[in-house]
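Okay, structure first, notes after.
We did not get these values from a lab; they are worked out from the coordinates using the rules stated. Here the structure is a predicted model, which means the values were calculated and not measured. So basically every Cβ, Gly included, is an ideal-geometry build from the backbone, and we count neighbours across all protein chains shown.
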Amino acid sequence: MRSYAPAVRPGVSPDAALIPAFVNHAATVAWAELLKLRRDPVELLSRAAQPTLWLLVFGQVMARLRGVPTGGLRYLDFMTPGVLAQSVLFIAIFYGVATIWERDVGVLHKLLVTPASRTALVVGKALSAGARALSQAVLVYILALLLGIRLDSNPLHILGVMAVVIIGAGLFATLSLIIACIVKTRERVMGMGQLLTMPLFFASNAIYPIALMPGWLRTVSSVNPLTYEVDALRALMVQGGASAYGIAPDLAVLLVSSVVLIAIAARMFPRIVT
């Protein structure tokens, strides 16, 4: 049987030689996923509807209320990072539906017999979800500028927003893959996604501060990854925004959660075809 082990140069450890192969496999999977988006650009425009409605309708109404403690920010400025995080969540949480479709048409079977590790396949799909989410971030930024929201133009902060968006999208896309491995049908993945989306969103600080929550909801919010994603985005995205937990702890929570979910998804991934 032919071996797919990467060639090892003299003086290079086998473990070190596996790293470029892993990166190449993950990048290839991500690129293949992004090619689908290029063939269907209408998807980008259709996804602009949701953040537009939240900012134009919900945001304009809530901005008239004076009793929401937003830390000195205008309400529209306060909620814009939450709307971006919500848009990223909506893109990622249904990612498992596409994976079920790939299984049904035979694409997933071909991926599973390639030399790529299961972890590389999962990471590649997570990265592609992050890239899709970046396109949503561009749409939200354009809409925010049109509405006069005071965005932070610091290039380092914009790069930080991109990083948080990619990590957040990858995290929830990986969660969706785990769900797909368990339920194994598109209808059930859609149902579970709809079941999880609203609790994740409303049990976070996306559209109101944690200080307004009852005690039990604060506890739920503290273990909700979306809370930390919004917290980091609020500090990086808008002028005068601040992180309640600190950007470094926010990123640490998101990264650790992502690593745990990737490990679980990689272990469960082959089950989706059985």
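Once the chain from Leu35 to Val57 is taken as fully extended at 0.36 nm per residue, the excess over their C-alpha distance is 4.6 nm.
How tilted is helix 247-268 with respect to the longest principal axis of the chain? Cα atoms for both, answer in degrees (0 to 90, nearest 10). On a 0 to 90 degree scale, this one is about 40. For the chain, the longest principal axis of the alpha carbon atoms and the long axis of helix 225-237 meet at an angle near 60°. Axis of helix 155-183 versus longest Cα principal axis of the chain: the two differ by about 60°, to the nearest ten degrees. Hydrodynamic analysis of the chain uses the Kirkwood radius over alpha carbon pairs. Inserted into Stokes-Einstein at 4 °C and 1.567 mPa s, it gives a translational diffusion coefficient of 66 µm²/s.
Sorted fewest first by neighbouring Cβ atoms within 10 angstrom, Leu56, Leu159 come out as Leu159, Leu56. Scaling the Cα radius of gyration of segment 77-206 by the globular reference 2.2 N^0.38 Å produces a ratio of 1.16. For Leu151, the amide hydrogen comes within under 5 Å of the amide hydrogens of Gln239, counting only partners 5 or more places away or on other chains and with H modelled in the peptide plane.
Which shape class, rounded, prolate or oblate, goes with segment 145-221 when its Cα gyration tensor gives a ≥ b ≥ c as root eigenvalues, a/c under 1.5 marks rounded, and past that a/b bigger than b/c marks prolate? Note, shape of segment 145-221 comes out oblate.
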